[in-house]
Structures are given as structure tokens and as C-alpha cells.
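One structure below.
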Amino acid sequence: MSFLEKAKQYTGSDLDQIFFRPMLTGPTAAELGVRILYNLPTPTTVQLWDGQRNILQQYNAAGWTGGAPATKYQKTIDLKRVKAELGFSAADYFSLVYEKIAARADVNMDDLTGSELEQAETALFKQAVAENIRATMWVGDSAAAIGYNTFDGFLKTINAGVPKEAFYNMFYQRTDLEDPEKVVEIFDDLWTSSPARLQDLKADGQLVFFVTADLYHRYEKYLDAKGAEAAYSGCVNGREGLAYHGIPVVDVRLSNYLTATSYHQSFCLLTDRRNLVLAVNTADFPGNEVRMWYNPDEMENRQRALFMAGCDILDETLIAYAYRQ
């Protein structure tokens with residue numbers, strides 16, 4: 001056997017349970033680093049409640065003194081129907097799928113079942129779809145003619161004219177990063193200039209510095225320069241994760257994507273993870289599916305996914321942003 005010719009189609013519960021839910025829940029979803037709303041009814045609306053701040057009162061008489069009801073805010077995530085397609089030459093596709101199978105220790109290569117082939121094919125496509133969702137939620141621009149234009153990403157909102165007035169933003173120069181200590185000044189400036197409401201959320205453990213790779217590397221160099229055994233160990237063995245004053249520093253891994261956009265090529269974003277929302281829906285639109293098939297005319301294996309996705313920033317005031325000019 002040198003080709004994979006069996007067609008596969010996931011719809012309904014199979015589309016949910018086999019393909020998208022494992023990708024958008026649990027540890028895999030945590031790698032995206034933002035709040036994920038999966039298969040909430042469309043239009044996907046997020047409710048934000050702001051209770052009365054002073055509800056304790058002196059107990060001195062009967063009656064109701066609760067005042068006005070709690071204020072309700074809501075934001076609707078604009079979901080777009082999107083399509084993901086991949087095509088491989090039959091021989092290349094065969095090699096890619098079998099490489100995934102051969103890497104497993106529990107597989108008998110002389111007796112492969114259909115389920116093992118299906119799992120390998122599905123894993124190959126899920127990896128590609130997940131990475132494109134991740135990239136689009138940051139650099140997406142629905143007004144662009146080419147590129148990641150299926151739905152607007154977070155940077156589109158941050159770089160828009162009106163929201164910029166709502167949050168603290170600053171800029172730095174390329175030459176500033178010649179000194180590794182400058183990155184610490186950026187972190188500190190964003191923290192001290194951020195809204196008090198954002199600083200108060202630190203106790204929830206959800207604040208994060210989202211940074212581009214250049215800032216992440218400079219912060220590593222800053223830590224390497226510290227004269228301590230931990231710094232030596234980190235320099236030799238690497239670090240699983242960085243943090244500044246208890247707030248995680250996360251590399252957004254967008255270097256290959258930003259170069260093709262007009263967005264800032266270097267930036268640092270301080271916010272609450274729950275403030276950045278990605279919504280994916282596979283249930284509320286007819287025709288949503290994942291299909292994999294072999295085209296004998298072209299000798300090509302093809303994969304297609306149809307679903308809905310979108311993202312937004314819930315509260316633009318809970319952001320502190322720095323970028324390189």
C-alpha cells in the first residue's frame with residue numbers, strides 16, 4: 001500500500017467529540033493562552049456583570065434598601081464561517097501519516113487497522129487547523145485581500161484608532177533593546193501605568209505579559225546576567241516558563257506571521273487572559289464538517305474543515321500595550 005484512499009467525514013457529534021473538542025478544551029486549549037468559548041449558541045454573547053460596590057449597610061430598620069439592580073454589560077463575538085483546506089500529493093501524504101504511526105511504540109506496523117490510520121490523519125489535520133486558528137486570532141484582518149483574513153484578530157482591535165484611546169500604550173525604539181535591562185523597564189512601565197482595575201486582578205492569577213520573540217529573548221538574556229546559580233542553570237538548561245513579579249511572560253510565537261502584516265513587529269501586551277476571547281462553533285450552522293478524501297484524478301489527498309470562528313477583546317480598558325516604532 002502506497003496511497004490512503006478511504007474517505008472520512010466528521011459531522012454532528014463526531015465533528016465535536018473527535019475533531020474539535022480535544023483541540024479546544026483541556027491542556028491543548030490552555031496552550032492558546034486565552035479564554036475559549038466553544039459551541040456556545042450563536043450569536044455568541046458574553047455577559048459581564050458588575051455588582052453594586054457598596055452593599056453592606058447598617059441594620060437599623062425594616063424594609064428594602066438594596067438600591068438599583070446590578071449593572072449588566074454584554075459583548076457579542078462576531079463569528080465568521082471559515083474554511084480550512086489542505087492538499088498533499090498521495091505519496092507525500094502517505095509518508096506523513098505513516099511517520100506519525102511509526103513514532104508510536106504500541107503500533108504493529110505489519111498489522112495496521114483503519115482506526116490507527118484515521119487517528120494519524122486526523123492528528124495531522126488538527127495540528128494544522130489549530131495553528132491557523134491561533135495565528136488568525138492574533139494577526140487576522142478581515143479587510144485584507146490575502147493572508148489571514150477570515151476574521152479580525154486581537155491586534156486589529158488594538159491597532160484601531162478609537163480603542164487606542166481606551167488603554168495605556170507606549171512605544172520603544174529598536175535601539176532600546178540593545179540593553180537587556182530595557183525589557184524590564186517596559187514590563188515595569190506597563191504595570192505601573194495600567195488601570196487599578198487591572199492591577200487588582202493579579203490576585204486571580206490570570207494576568208499575563210504577551211510578548212514577541214525579541215522581547216522574550218532579551219528578558220532571557222537579562223536573567224542570564226544575574227550572578228546566581230539559578231541564572232547559570234537557566235542559561236545552560238533553558239527555562240520552561242518566564243515570569244516578571246509573578247506574572248507569566250508568554251512568547252506569542254508570531255514572528256513568521258507579523259512580517260506579512262502592517263501590525264507592530266515587536267510588542268508587549270499586559271492584560272487578563274480572560275479578557276481575550278476566542279469563540280469557535282461547529283454546531284449551529286448547517287454544513288459544518290471535516291472531510292478527508294483521495295482524488296484519483298490528481299493523485300492527491302485532500303482535507304477540508306468548515307466551521308465558525310471569531311475573537312474579540314471584552315474590555316479595551318483592561319489593557320496596557322507597548323510597541324516598537
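The values are calculated or read from the model by the stated rules, or taken from the named source; none is laboratory data. For clarity, every value in this text was computed on a predicted model and none was experimentally measured. Glycine also receives a Cβ, built like all others from the backbone with ideal geometry; neighbour counts cover every protein chain displayed. Heads up: the accessible areas ignore ligands, DNA and RNA and are worked out on the full protein's heavy atoms, side chains in. Shrake-Rupley method; radii C 1.70, N 1.55, O 1.52, S 1.80 Å.
Worth a mention:
- A search for C-beta distances below 7 Å between a residue of segment 61-90 that is more than 23 Å from V290 (Cα to Cα) and any residue that is modelled with pLDDT under 90 and among the aromatic types (F, W, Y), counting only pairs 6+ apart in sequence or on different chains, returns A70/W49; K72/W49.
- Pairs where the first residue, in segment 175-196, is open to solvent by 20 Å² or more (accessible area, probe 1.4 Å) and the second is of a type in the set (G, A, S), C-beta under 9 Å, 6+ apart: P180/A225; E181/A225; D189/A320; D189/A322; W191/A320; S193/A320; P195/A320
- At least 2 residues being at positive phi is the threshold, and among the strands (runs of 3 or more DSSP E) wholly inside segment 233-325 not one reaches it.
- Filter result (modelled with pLDDT under 80 and in contact with an Asp or Glu (Cβ under 9 Å, 6 or more places away or on another chain)) within segment 228-260: A231, Y232, G234, C235, G238, R239
- So F187, is it hydrophobic (A, V, I, L, M, F, W, C) and either farther than 30 Å from K226 by Cβ or at pLDDT below 95 (or both): no
- Restricting segment 198-226 to residues that are part of a helix (DSSP H, G or I), open to solvent by less than 70 Å² (accessible area, probe 1.4 Å) and of a type in the set (A, V, I, L, M), the residue that is modelled with the lowest pLDDT: L223
- Residues that are charged (D, E, K, R) and out of contact with any helix residue (DSSP H, G or I) (no Cβ under 8 Å at 6 or more places or on another chain) were ranked within segment 1-30; the one that is least open to solvent (accessible area, probe 1.4 Å) is D16.
- Qualifying residue in segment 37-56 (condition: modelled with pLDDT of 80 or more, charged (D, E, K, R) and open to solvent by 50 Å² or more (accessible area, probe 1.4 Å)): no
- Annotation for segment 295-315: at least one member residue is in contact with a Lys or Arg (Cβ under 9 Å, 6 or more places away or on another chain), under 26 Å from Y172 (Cβ atoms), open to solvent by 10 Å² or more (accessible area, probe 1.4 Å) and not hydrophobic (A, V, I, L, M, F, W, C).
- Test: R304 is closer than 28 Å to R218 by Cα and of a type in the set (D, E, K, R): no
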